[in-house]
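The values are calculated or read from the model by the stated rules, or taken from the named source; none is laboratory data. All values reported here derive from a predicted model rather than from experimental measurement. Counting neighbours? That spans all protein chains shown, and the Cβs are built from the backbone with ideal geometry, glycine included. The accessibility values were calculated without ligands, DNA or RNA, using every heavy atom of the protein model including side chains. Shrake-Rupley method; radii C 1.70, N 1.55, O 1.52, S 1.80 Å.
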Amino acid sequence: MLGSGWLFLFGVLAAAGLLFTMVFFIIMFSDLECDYINPIDLCNKLNQFVLPEMGAHAFLTLCFLLSGQWTALFLNLPLVAFNVQKIMNKNHMYDATEIFRTLGGHKKECFIKLGFYLVSFFYYLY
């Protein structure tokens, strides 16, 4: 029981970090919409966080798998599968030439991930 307590503490901290990452993404997309930043700078700034965000979430899910926390594992598996599918299709990085055309979808994805990480944060806290 003591190990699962530390795992969920790590989960709370990881979810908080992932929450801040998604807020950063949403702010950057809003800056692009308001023309405060150009598409090349946006993609250069965000692309360096895409794989670490996916990797941190996958690592947290792996920790839940190895510790036998099945509810937390099944809560996280759909997003891990979505991230793996994006990587397999080579659709995980932002492209400066297509960002305006796909901006609505990227913002929607970030808001969904933000909601997911918020729910996860409070589940791990509980």
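His92 meets each of the listed conditions (1) part of a helix (DSSP H, G or I); (2) surrounded by 14 or more Cβ atoms within 10 Å (Cβ to Cβ) apart from (1). The single condition from (1) open to solvent by 50 Å² or more (accessible area, probe 1.4 Å); (2) closer than 18 Å to Phe121 by Cα that Cys63 fails is (1). Exactly one residue among Asp31, Asp35 is open to solvent by 60 Å² or more (accessible area, probe 1.4 Å) and of a type in the set (Asp, Glu), and that residue is Asp35. For the stretch 99-117, the condition of being more than 14 Å from the chain's Cα centre (by Cα), exposed (fewer than 12 other Cβ atoms within 10 Å of the Cβ), farther than 20 Å from Leu51 by Cβ and touching a residue at least 40 places away in the same chain (Cβ under 8 Å) holds for at least one residue. If you go through the stretch 66-89 and keep only what is open to solvent by 30 Å² or more (accessible area, probe 1.4 Å), of a type in the set (A, V, I, L, M), over 30 Å from Leu32 (Cα atoms) and under 17 Å from the mean Cα position of the chain (by Cα), you end up with Leu75, Leu77. Applying the set (1) open to solvent by less than 70 Å² (accessible area, probe 1.4 Å); (2) free of Cβ contacts under 8 Å to residues at least 24 places away in the same chain to Ala16 leaves exactly one unmet item: (2).
Residues checked against (1) assigned to a helix (DSSP H, G or I); (2) within 30 Å of Trp6 (Cβ to Cβ):
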site: Ser30; (1), (2): yes, no
site: Ala56; (1), (2): yes, yes
site: Leu60; (1), (2): yes, yes
site: Cys63; (1), (2): yes, yes
site: Ala72; (1), (2): yes, yes
site: Ala96; (1), (2): no, no
site: Phe122; (1), (2): yes, yes
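Within the stretch 21-42, the presence of at least one residue that is more than 16 Å from the chain's Cα centre (by Cα), at pLDDT below 95, closer than 18 Å to Thr102 by Cα and small (Gly, Ala, Ser) is confirmed. Every condition in (1) under 18 Å from His106 (Cα atoms); (2) in a helix (DSSP H, G or I) is met by Ile37 except one, and the failing one is (2).
Inspection of the stretch 39-53 finds no residue satisfying the criterion of being more than 11 Å from Tyr117 (Cα to Cα), crowded, with 19+ Cβ neighbours inside 10 Å and of a type in the set (Phe, Trp, Tyr).
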